[in-house]
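Here is the structure we will look at.
The values are calculated or read from the model by the stated rules, or taken from the named source; none is laboratory data. Predicted, not measured: the structure shown is a model, and the values here were computed from it. All Cβ positions, glycine included, derive from the backbone under ideal geometry; neighbour counts span all protein chains shown.
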Amino acid sequence: MKRHPLMSACLVTVLLVAFFLGLTLLTLPWLRQGEFWTGGEKVGVVEIKGLIADSRTTLKQLDRFKQDRSIKAVVLRVNSPGGAVGPSQEIMREVDKLRKIKKVVASLGTVAASGGYYVASGADLIIANPGTTTGSIGVIMQFANAEQLAKKLGLDFFTLKAGRYKDVGTPFRPMTPEDRTYLQSLLDNVYQQFLRDVAKNRKIPLEKMKELAEGRVYTGEEAKKVGLVDEFGNLQDAIERAGRLAGIKGKVEAVYPEKEGFSFLRLLLGQDAEESLANLSLPYPEPAFLPPWFK
């Protein structure tokens with residue numbers, strides 16, 4: 001029986017589509033790792049800019065470079081005055097895990113202080129400019145008291161709570177000595193975590209670290225003298241250094257994470273707007289307590 005030419009053409013087309021679809025599915029894992037278009041060994045650059053309020057984007061970027069076999073080293077470019085304790089610790093832990101697999105170099109920009117320095121301390125090597133503002137190893141909590149202002153406005157506030165310390169930090173009543181003792185104990189605990197982690201990462205004795213970590217801000221030049229920074233250099237120097245540490249020969253090429261899909265919110269408010277706004281969604285009732293910051 002003779003086949004119709006149109007049916008034969010359709011059958012061939014379907015087979016070709018199926019073939020290319022199968023080929024795409026088979027090669028997708030390698031494509032996602034960048035092994036078909038990288039053209040050799042490269043250095044990945046992850047940027048941490050502004051206040052560290054959320055770690056998800058940075059963690060994704062670090063994980064992508066960890067999985068990508070063409071990325072031989074990673075540069076952590078830090079331009080941050082600090083941020084929330086939890087996200088800073090999450091990033092530092094991920095950097096610490098990454099450097100067990102690949103070389104990690106931290107490049108300190110204009111400011112890499114407090115939480116910014118905390119995440120950088122997890123790298124194998126820290127490079128800064130002589131005028132970089134860094135250090136500021138400490139923890140802070142700040143509260144405002146609006147009780148007198150509320151009285152002048154004729155406003156009364158009533159609090160219902162379950163748990164002695166549930167409304168600690170509320171601006172509508174004075175802070176008691178017991179409240180201060182409780183909050184200071186909390187701060188001291190987080191501060192000790194900061195000290196231990198940086199001392200371990202930088203291989204500095206804990207007693208010496210206590211002398212350095214009094215919230216003092218250092219220039220890059222001062223930080224190098226006391227062991228908080230290893231070398232001087234800019235971002236390009238850090239990329240070059242990371243490549244050489246990883247054994248890359250010839251020109252060292254940098255790779256930046258792919259930008260996320262288009263978003264009107266991101267276009268209007270910035271890269272981290274969606275995640276920052278998501279963090280504002282707290283369960284009701286909202287707690288009066290404000291978390292400590294590496295600042």
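Selection of first residues in the stretch 143-162 that are among the hydroxyl-bearing types (Ser, Thr, Tyr) and of second residues that are surrounded by 10 or more Cβ atoms within 10 Å (Cβ to Cβ), restricted to Cβ pairs under 6 Å at least 6 apart or on distinct chains, gives the following pairs, ordered by first then second residue: THR159/ASP167. Quick one: which helices (runs of 4 or more DSSP H) sit completely within the stretch 103-214 and have at least 2 residues that are among the charged types (D, E, K, R)? Per the criteria, 147-152, 177-202, 206-212. Pairs linking a residue in the stretch 168-194 that is touching a residue at least 40 places away in the same chain (Cβ under 8 Å) to a residue that is among the hydroxyl-bearing types (Ser, Thr, Tyr) and loosely packed, with under 13 Cβ neighbours inside 10 Å, with Cβ atoms under 8 Å and 6 or more positions apart or on different chains, are THR170/THR159. With respect to the conditions (1) touching a helix residue (DSSP H, G or I) at 6+ places or on another chain (Cβ under 6 Å); (2) within 20 Å of VAL198 (Cβ to Cβ), GLU214 lacks only one, and its number is (1).
When the stretch 229-283 is filtered for residues that are of a type in the set (Gly, Ala, Ser), within 16 Å of GLU41 (Cα to Cα), at pLDDT 90 or above and not in a helix (DSSP H, G or I), the ones remaining, listed by number, are ALA246, GLY247, ALA254.
Given the options SER88, SER55, SER107, SER121, name the one that is within 22 Å of GLN193 (Cα to Cα), in contact with a strand residue (DSSP E or B) (Cβ under 6 Å, 6 or more places away or on another chain) and in contact (Cβ under 8 Å) with a residue 12 or more places away in the chain. Working first, answer last.
Numbers: SER55 fails: in contact with a strand residue (DSSP E or B) (Cβ under 6 Å, 6 or more places away or on another chain); SER107 fails: within 22 Å of GLN193 (Cα to Cα); SER121 fails: in contact with a strand residue (DSSP E or B) (Cβ under 6 Å, 6 or more places away or on another chain).
Answer to the check: SER88.
In the stretch 44-61, is there at least one residue being farther than 28 Å from ILE140 by Cβ and either touching a Lys or Arg at 6+ places or on another chain (Cβ under 9 Å) or buried (at least 24 other Cβ atoms within 10 Å of the Cβ) (or both)? Yes, there is a match, as at least one residue in the stretch 44-61 is farther than 28 Å from ILE140 by Cβ and either touching a Lys or Arg at 6+ places or on another chain (Cβ under 9 Å) or buried (at least 24 other Cβ atoms within 10 Å of the Cβ) (or both).
Of all residues in the stretch 102-138, those satisfying the criterion of being surrounded by fewer than 23 Cβ atoms within 10 Å (Cβ to Cβ) and more than 16 Å from the chain's Cα centre (by Cα) are LYS102, LYS103, THR110, ASP124, LEU125, ASN129, PRO130, GLY131, THR133, GLY138. Is it true that some residue in the stretch 31-45 is over 19 Å from the mean Cα position of the chain (by Cα), in a helix (DSSP H, G or I) and at pLDDT below 60? Scanning the stretch 31-45 turns up at least one residue that is over 19 Å from the mean Cα position of the chain (by Cα), in a helix (DSSP H, G or I) and at pLDDT below 60.
Residues that are at pLDDT below 80 and of a type in the set (Asp, Glu) do occur in the stretch 133-154, at least one of them.
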